[in-house]
Amino acid sequence: MTSSSTPPTLRDYLTGNVIPEVGAESHRQAVLRFLVEEKGYARDALWVDAPIHTRIAGSPYHAKIDLIAKAGERLVPFMAFKCCAGSLGSREREIVAAARIFDATMIPLAVVSDGRDATIIDTATGKPISYGLAALPSPSEAAHQLAAQAPGPYPEDRLEREKRVFRTYDQDNVNIIRPDDKT
């Protein structure tokens, strides 16, 4: 491999490590910086490349959620992020599906962001509830929302369909490093 084919790099905001600038990484870095510096999230409340391991139609499927912000005393997943360039609307359905299938309980909010703007979606209904990075809840607001209404599981009879929706969108992602990649 020649040096001309080596992707550019940037310094990861959370770790300080030099990482490849692949796909929407610069957008994720902007979101991370905003969550820490403007919203007050602790670095350990932010989970980058959170793994999804599930079975779809009987076969294993592995993917990642770009970013999860955790909140509350036990630091439970509260917001799932899809960081992207271009149209935010084109990735709303993907992150909603990911937030619904990630664990036994849904992640309450699904967010699509390009690092400058954001769409915040109620995972249970799939409907946008606010727009803009400033509308993202602070850690204390998130903890209050979690205490007021703990997230529940996604309905079992709709779960397989939601997994298939997620896989369809996820397989369309390009310029990403997949969990099975040997890089």
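The values are calculated or read from the model by the stated rules, or taken from the named source; none is laboratory data. Computed from a predicted structure; not experimentally measured. In this analysis, Cβ positions are derived from the backbone assuming ideal geometry, glycine residues included, and neighbour counts consider all displayed protein chains. Calculation scope for accessible area: heavy atoms of the full protein, side chains included, ligands and nucleic acids excluded. Shrake-Rupley method; radii C 1.70, N 1.55, O 1.52, S 1.80 Å.
See the values below:
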quantity	calculated
2 or more residues under 28 Å from THR105 (Cβ atoms), touching a residue at least 12 places away in the same chain (Cβ under 8 Å) and of a type outside the set (Lys, Arg): qualifying strands (runs of 3 or more DSSP E) within segment 3-60	46-56
Residue count, segment 50-72 (criterion: touching a Leu at 6+ places or on another chain (Cβ under 8 Å) and either at pLDDT below 95 or open to solvent by less than 30 Å² (accessible area, probe 1.4 Å) (or both))	6
Odd one out for ALA98 among (1) within 25 Å of ARG55 (Cβ to Cβ); (2) open to solvent by 20 Å² or more (accessible area, probe 1.4 Å)	(2)
Residues being open to solvent by 50 Å² or more (accessible area, probe 1.4 Å) and touching a strand residue (DSSP E or B) at 6+ places or on another chain (Cβ under 8 Å) - total across segment 27-47	1
Pick from segment 113-144, criterion under 21 Å from GLU25 (Cα atoms) and among the small types (Gly, Ala, Ser), ranking: nearest to the chain's Cα centre (by Cα)	SER113
